[in-house]
Each structure stands twice: as C-alpha cells, then as structure tokens.
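Here, each number is a calculation from the coordinates, and none is a lab measurement. In this text the structure is predicted, and so the values were computed from the model without any measurement. Cβ: placed from backbone, ideal geometry, glycine included. Neighbour counts: every protein chain shown.
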Amino acid sequence: MDEQIQQSPPPEGAPAAVGAMSPWASLARIFFSPRSVFEALSPKPAFLVPLLVVLAIHLGAGYFIGGSDMVREATVAKLEAKGAPQEQIDATEKMMDSPLVRVIGTVGAGIGVAFVVFLGAGLLYFMANLMLGAKLTFTHFLCVSSYGTVVGLVDTICRTALMLAKDTLHVQTGLGAFFGSDPGFPVRVLDTLTSPLVLWAAAIQALGVSVFAKKGFGFGVLCALPGFVIAAVLSGLQG
C-alpha cells in the first residue's frame, strides 16, 4: 500500500523561506528591496555579476574623463601652482594630449574600483569575523562589498555627469558643495561623510552584513564604519 508523505507546515511565526533570485533581478532589487536580496543570497553569496557591472561602469567613466580636457587642465594647474618651469608645463601638455592618457585613465579606473571592492570586503571581514565574532566566509563580505558598490554607482554617475557639465574634477555631493569648487582636504572629507548617495551605499553594506550574520542593523553599522571613514579620507586626498 502506497503511503503518502505529508510535509508538516512551518510553525506559526516562523519566517517564510526565501526563494532564489537571479543575478539581474538582485541588481535591480538591491536599490529598493536590499534586505530581500541579501536574504536570498545568504545560503550562497555571489559577487561576480555585480562586480562586473561595477567594473564596466567605472571603465566607461574613466574613458570619458580621461579623454576630456579636465585632467590636462588640472595637471597643468598643479604644475603652475608649484612654480614648475614652462618647458615642463609644455611637455606635460603635449603628453596629456596623447591617446595613452585615456587608456591609462580607463585601466586605472577599473583597477581602482576592483581594489576598493576587495579592500572593503577585507575590512568587513576583519570587523565582523575577527573583532565581533561573526562566522561568515570571505565570499559573504565580497558579496556585500560588491552590491554596496553597485548602489554607489549612483554617486559615481552623478559625479561624472557633474564633472562633464562643469568641466572640473572637483565636484561635491554633500556639505562640501557649500564651500566652493576645491575647498581642500578637510572639506572634501566632510563632503564624503555627508553625501546622501555615499551614505546610501554604506547603509547597504551595513544591512548586508547584518542579514548574513543574523544580527541587528547596529552590528552592520559597526562593521561598515571603518571602511566608510577610510573611504572618506582617501577621497579627501584626491586633490
């Protein structure tokens, strides 16, 4: 006699199982439903697709900025401020007109963002696992860092658009906008710390760590805070 096996219903109040989510669906949902994305990725975190998207956008931004006159003008302005001889300035201007500058700018942008993603994952791993006792794999943190950087693309795109519109490398999206076009290191740091778009990306990372570690949001904030501060300092050094 055949026996029918009936699956008992989940206990009352238990969380519903989270279904799998395609990489492209997760990229769209990370902007308006990030918790559901990280819950779906928790059993098997992935980072390749978001990382490739981030690389593609930054390579494109590096290509357009590297081919503009902004980089040449900023470089020449620094030489003039240092009192460099005219021969050096002329040689620099000639070199900056080379197509090689655009190639260097494009490649540098790609390498730079990859470094940021992996450094961010390393800092999250250090804070969450080594300092606060979470037991997650490095892939979890690489996933969080990648998706946080995807959200950070909004800031990248806005800054690139402002650079091209204003024809300057010095743009601010936080409180630094009230201090002029190139206010110096302290205000550049303040601008990053108060930029809503940068804070949004940092909050996504904090949420991702808290979901993966099954902790409160405050736990994720503690883990993401060092990387956020370091990113602000590094942005301040880009004068």
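So the values come out like this:
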| quantity | calculated |
| --- | --- |
| Footprinting exposure proxy for 233, 117, 76 (fewest neighbouring C-beta atoms within 10 Å first) | 233, 76, 117 |
| Span-rule helices in the chain, defined as complete DSSP H runs reaching 24 Å or more along the axis (Cα) with Kyte mean at least -0.5 | 48-66, 99-125, 138-166, 196-213, 217-237 |
| Lysines whose Cα lies under 21 Å from that of residue 94, excluding same-chain neighbours fewer than 8 positions away | 78, 82 |
| Sorted by Cβ density within 10 Å, fewest first, the residues 141, 179, 228 | 179, 228, 141 |
| Whether the chain is rounded, prolate or oblate, judged on the alpha carbon gyration tensor where a/c under 1.5 counts as rounded | prolate |
| Relative exposure of 209, 49, judged by other C-beta atoms within 10 Å (fewest first) | 49, 209 |
| Ellipticity estimate at 222 nm from DSSP helix runs (n ≥ 4, -39,500 (n - 2.57)) divided over the chain, nearest 500 | -22500 deg cm²/dmol |
| Partners for residue 44 among lysines (Cα-Cα distance below 22 Å; same-chain residues under 8 apart left out) | 135, 214, 215 |
